[in-house]
Amino acid sequence: MSDFIISMHIFYFIIMITGSIYFYVLSRKPKQVPLYEYAIAMVIPAWSGAAYLSIALGQGLVSNPDKTIYFARYIDWVVTTPLLLVALALTAMLQEKNKNKTLLFALIISDVFMILTGLIADFSNDSIKYIWYILGMIALVIILVIIWYPLRKIADAASPELSRHYKRIALYLSCFWILYPTAWLAGSSGIDITHQSIEIAAFIILPIFSKIGFSILDLHGLRNMHL
Amino acid sequence: MSDFIISMHIFYFIIMITGSIYFYVLSRKPKQVPLYEYAIAMVIPAWSGAAYLSIALGQGLVSNPDKTIYFARYIDWVVTTPLLLVALALTAMLQEKNKNKTLLFALIISDVFMILTGLIADFSNDSIKYIWYILGMIALVIILVIIWYPLRKIADAASPELSRHYKRIALYLSCFWILYPTAWLAGSSGIDITHQSIEIAAFIILPIFSKIGFSILDLHGLRNMHL
Amino acid sequence: MSDFIISMHIFYFIIMITGSIYFYVLSRKPKQVPLYEYAIAMVIPAWSGAAYLSIALGQGLVSNPDKTIYFARYIDWVVTTPLLLVALALTAMLQEKNKNKTLLFALIISDVFMILTGLIADFSNDSIKYIWYILGMIALVIILVIIWYPLRKIADAASPELSRHYKRIALYLSCFWILYPTAWLAGSSGIDITHQSIEIAAFIILPIFSKIGFSILDLHGLRNMHL
Ligand SMILES: CC1=C(/C=C/C(C)=C/C=C/C(C)=C/C=O)C(C)(C)CCC1
Ligand SMILES: CC1=C(/C=C/C(C)=C/C=C/C(C)=C/C=O)C(C)(C)CCC1
Ligand SMILES: CC1=C(/C=C/C(C)=C/C=C/C(C)=C/C=O)C(C)(C)CCC1
């Protein structure tokens, strides 16, 4: 493995641990924002950082002669993407006393399904790779529908302020999440038209925005709402 | 893998996706039945269909010279059987405001234990296969006891109508669930006295009844109750 | 595998099944202690017993020429240690109507993280083994902080009696949990300065105390409280 790959992943690890500590510091003055929002924001980068560390240490990947599979990315995603969706959903339901568990369940199971199809696709030959990819895309569409219909309605019903905040972070999340299957498809997992270092960089930069960036946006938006 | 096996599994995949869509359509006019009942009924066949698709694609099995292990069945069951039990239990507790989480926890953990013992048994030699099988059977007995004692008492206390409905679907589920370890034992995982195509057919037909059939029975029963 | 190892693990299996049955018997006369406390106490030894049985049967370990990895221990721990923490936390929150789910979530995720780092460390070379070990130790410190600060405050606020009981079982748990990474480090997973039979004995005796012993202490303490 090249030094570039190793140092990028160590850099990522440091960013993530810093982010986790930052959210911990924020949680000391919660400003009425429920503590679970902070807890989720702390756990996401800690878990992801450890997963990427395993890549830096040469363990979270399998190098075949023709392609490298970074399976630690899926170990990262299978935990952090459900948590991101839960954070988003709990923001929408901030003022509900009884959180809608059916929506949380539907989000989590669709998301886990999506990540697993990606993992299988990555380990599949070209002939069947795209069957799994398409199933994963269907799951992503279901997730986006849940985000933009039932969840948005709940946020809309709460207050104009929460509704505005929810729409902003939901849009942010949706944009980044659509970039993932795109980068995946263009990279070595898919049709492989990207230079390797571009692909590595993409999977370093994207998660910084969709994890740390997302949580900063969400938490500061909520903190400024003077709940 | 024979064409028979492939086409049977693709047939199953199509049935399951159709079932999932059908429950979605039902959910548009929920008739007072809580949405989680529909959500669970949609997720079960979608997950199972994908698992069986992996068998059709030649990925969800390992072919040893002397025996084939369809490990994707366990990936199916480990998610869908807890959900079937949760659907049953939530039907029993339909009118409880606070669902009894201890019973849900006991059902889920016993069920996951049962499926894992089956998986280990399938990968074990004859000398120790039946130790795991017996442990799995004990877990199944515990599940049946929970279904027929504490859960039935809850349904009985709710209303005569719910009690009748609960007993009907619990009996349906119990009968089918007892057939699984029987088919397993008779088939290539166990003592292997069944012709291979009978075994394949059994594990196509049984889950259609115990997934789609069960959810149809449960949902229509609840819908006709005029809750 | 030596007869000593096999018979120790079968002995353990029998102790655990006996413990599970004992907690079931206790639960028939619950004395106002919530049933979930009994359910958790029953599940922990049943799961752990099955995991150790797999070692006795020669399946739950990999024997390399230079070292043996008992991976079934991690399968045991990944389920039982979160349950032990949940039992402890639910004791602290006994009188809360709405259990604090943020604390339960933080405990469970930190614990699963700790066990996974241990598993990875056990499969790693010396050069990187201790990186994972240290990450696991950090998770253990986070767990201990949650036990001794937020959870203790909740127990203190409930009643002097509950506070006393909570502190006793939290101290008991903390002492035993600190012995695990110590035994791990001294044994073949770590720097390997222990005789093999001492190590085996340690991982038989420690869990008897930290599972059966802990649950006995917790349940009898609660039962004597005349809730
Ligand atoms: C749809 C789809 C995918 C989507 C992945 C996504 C949406 C990942 C999001 C990751 C995040 C947000 C990580 C953390 O920041 C895969 C698995 C690539 C391939 C299969 C099809
Ligand atoms: C007791 C037992 C088993 C039971 C399996 C069951 C009860 C499966 C049910 C599956 C369903 C209902 C699937 C979906 O429809 C095994 C694992 C075969 C073998 C070990 C002993
Ligand atoms: C901190 C740490 C560990 C801690 C393990 C513990 C605390 C295990 C507790 C087990 C119990 C209580 C079992 C059941 O009774 C490992 C994984 C050994 C190694 C990595 C660092």
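Please compute how much accessible surface disappears when C pairs with B, both sides summed, using a 1.4 Å probe, and round it to the nearest 100 Å².
Numbers: alone 10970 and 11010 Å², together 20940 Å².
In total, chains C and B hide about 1000 Å² from solvent.
Of all the residues in chain C, which one has the C-beta that comes nearest the axis relating C to B, and what is the distance in Å?
Per the Cβ-to-axis criterion, the result reads C:Asn98, 6.
If you take the Cα atoms of region C:168-227, find Rg, then find the Kirkwood Rh from the mean of 1/r over all pairs, what is Rg/Rh? Could you put the intermediate results ahead of the total?
On the way: Rg = 14.5 Å, Rh = 12.7 Å.
Result: Rg/Rh = 1.15.
Counting only other residues whose beta carbon sits under 10 Å from that of C:Leu83, what net charge do I get with K and R as +1, D and E as -1? Mind showing how you got there, number by number?
Working: positive: C:Lys211; negative: C:Asp111.
Net local charge, C:Leu83 excluded: 0.
What is the magnitude of the charge dipole of region A:126-227 about its Cα centre, with +1 placed on the Cβ of each Lys and Arg, -1 on the Cβ of each Asp and Glu, and no other charges, expressed in debye to the nearest 20?
Working: 8 positive and 6 negative charges, 83 e Å.
Around 400 debye, computed over region A:126-227.
What is the calculated FRET efficiency for A:Ser127 to B:Phe4, with r their C-beta to C-beta distance and R₀ = 25 Å, to the nearest 0.05? Provide the component values of the computation, followed by the final result.
On the way: r = 21 Å, r/R0 = 0.83.
Once the sixth-power term is evaluated, E becomes 0.75.
Rank A:Pro30, A:Pro160, A:Pro207 by mean-square fluctuation in a GNM of chain A with C-alpha springs under 10 angstrom and give only the top-ranked residue.
Result for chain A, Cα springs under 10 Å: A:Pro160 fluctuates most.
Have a look at C:His9, C:Gly49, C:Ala157 and report the one farthest towards the positive end of the charge dipole of chain C, computed about the Cα centre with Cβ charges (Lys/Arg +1, Asp/Glu -1).
Positive-most Cα among the choices belongs to C:Ala157.
Mind checking which lysines have their C-alpha under 18 Å from C:Lys67, skipping anything on the same chain fewer than 8 residues away?
Straight-line reach from C:Lys67, under 18 Å: C:Lys129.
I need the fraction of alpha carbon pairs in region B:109-165 separated by more than 13 Å, rounded to a whole percent.
Values: 1011 of 1596 pairs.
Here the tail beyond 13 Å accounts for 63 percent of pairs.
Find out how many positive minus negative residues lie around A:Trp148, taking Lys and Arg as positive, Asp and Glu as negative, among other residues whose Cβ is under 14 Å from that of A:Trp148. Please list the in-between numbers first.
Numbers: positive: A:Arg152, A:Lys153, A:Lys167, A:Arg168; negative: A:Asp156.
Surrounding charge for A:Trp148 is +3.
Work out which residues of region C:24-52 lose at minimum 50 square angstrom of accessible surface when the other protein chains are put back, relative to the chain isolated, with a 1.4 angstrom probe, and list them by number.
C:Trp47
Round to the nearest 10 and give me the degree value, 0 to 90, for the angle of helix C:72-92's Cα axis relative to the longest principal axis of chain C.
For helix C:72-92, the angle is close to 20 degrees.
If packing is taken as the mean number of other Cβ atoms within 10 Å per residue, what is the order of C:146-159, A:93-106, highest first?
Working: C:146-159: 16.9, A:93-106: 15.4.
With the highest mean Cβ count within 10 Å placed first, the list reads C:146-159, A:93-106.
Work out Dmax and Rg for region C:1-50 from the C-alpha atoms and quote the Rg first, both in angstrom.
For region C:1-50, the Cα-based Rg and Dmax read 13.5, 46 Å.
What is the projected area of the convex hull of the Cα atoms of region B:1-112, averaged over all directions, in nm²?
Values: hull surface 32.7 nm².
Reported value for the Cα convex hull: 8.2 nm².
Hey, got the average number of other protein chain Cβ atoms within 10 angstrom for residues in B:59-69? Each step should come with its number before you reach the end.
On the way: counts 6, 1, 0, 0, 0, 0, 0, 0, 0, 0, 0.
Averaged over the peptide's residues, the number is 1.
Compute the relative contact order of chain A as a whole-number percentage, counting only Cα pairs closer than 8 Å that sit 6 or more residues apart in sequence.
Numbers: 249 pairs, mean separation 49.5, N = 227.
Taking the mean separation of contacting Cα pairs over the length of chain A, I get 22 percent.
If you project the alpha carbons of region A:71-227 onto the principal axes, what extent comes out on each, in Å, largest first?
On the principal axes, region A:71-227 reaches 50, 30, 21 Å in Cα extent.
Given a 1.4 Å probe, how much area per residue of chain C is accessible, in Å²? Each step should come with its number before you reach the end.
Values: 9930 Å² over 227 residues.
Roughly 44 Å² per residue, with all protein chains present.
For peptide B:128-136, how many partner chain Cβ atoms fall within 10 Å of a residue's Cβ, on average? Please list the in-between numbers first.
Numbers: counts 6, 0, 0, 5, 5, 0, 0, 4, 0.
The mean count of partner-chain Cβ atoms within 10 Å per residue comes to 2.
For helix A:3-28, what angle does its Cα long axis make with the longest principal axis of chain A, in degrees from 0 to 90 and rounded to 10?
The two axes meet at around 10 degrees.
If you build the Cα gyration tensor of the protein assembly as shown and take the root of 5 times each eigenvalue, what three semi-axes come out, in whole angstrom, biggest first?
Values: eigenvalues 221, 221, 197 Å².
Here the semi-axes work out to 33, 33, 31 Å.
Averaged across the residues of C:112-125, what count of C-beta atoms belonging to other chains lies within 10 Å of each residue's C-beta?
Working: counts 2, 5, 0, 0, 3, 2, 0, 0, 5, 0, 0, 1, 4, 3.
Per residue, the average neighbour count from other chains is 2.
Where Lys and Arg each count +1 and Asp and Glu each count -1, what net charge lies around A:Leu35 among other residues with Cβ under 12 Å from its Cβ? Don't jump to the answer; show the numbers that get you there.
Working: positive: A:Arg28, A:Lys29, A:Lys31, C:Lys101; negative: A:Glu37.
Net charge around A:Leu35: +3.
Where the accessible area of region B:1-52 is counted over protein heavy atoms with a 1.4 Å probe, how much of it, in %, is carbon and sulfur?
72
Kirkwood hydrodynamic radius for region A:84-135: how many Å is it when counted over pairs of different Cα atoms? Can you show the working numbers first?
Numbers: mean 1/r = 0.0794 Å⁻¹.
Radius from the Kirkwood sum: 12.6 Å.
Between region A:1-56 and region B:147-195, what is the C-alpha centre distance in whole Å?
46
Straight-line reach from B:Lys211: which lysines have a Cα under 24 Å away, not including same-chain ones fewer than 8 places off?
A:Lys101, B:Lys29, B:Lys31, B:Lys99, B:Lys101, B:Lys167
The values are calculated or read from the model by the stated rules, or taken from the named source; none is laboratory data. Note that this is a predicted model, so its numbers are computed, not measured. All Cβ positions, even for glycine, are placed from backbone atoms using ideal geometry, and neighbour counts span all protein chains on display. Remember, those area values only see protein heavy atoms, side chains included, never the ligands or the DNA or RNA. Shrake-Rupley method; radii C 1.70, N 1.55, O 1.52, S 1.80 Å.
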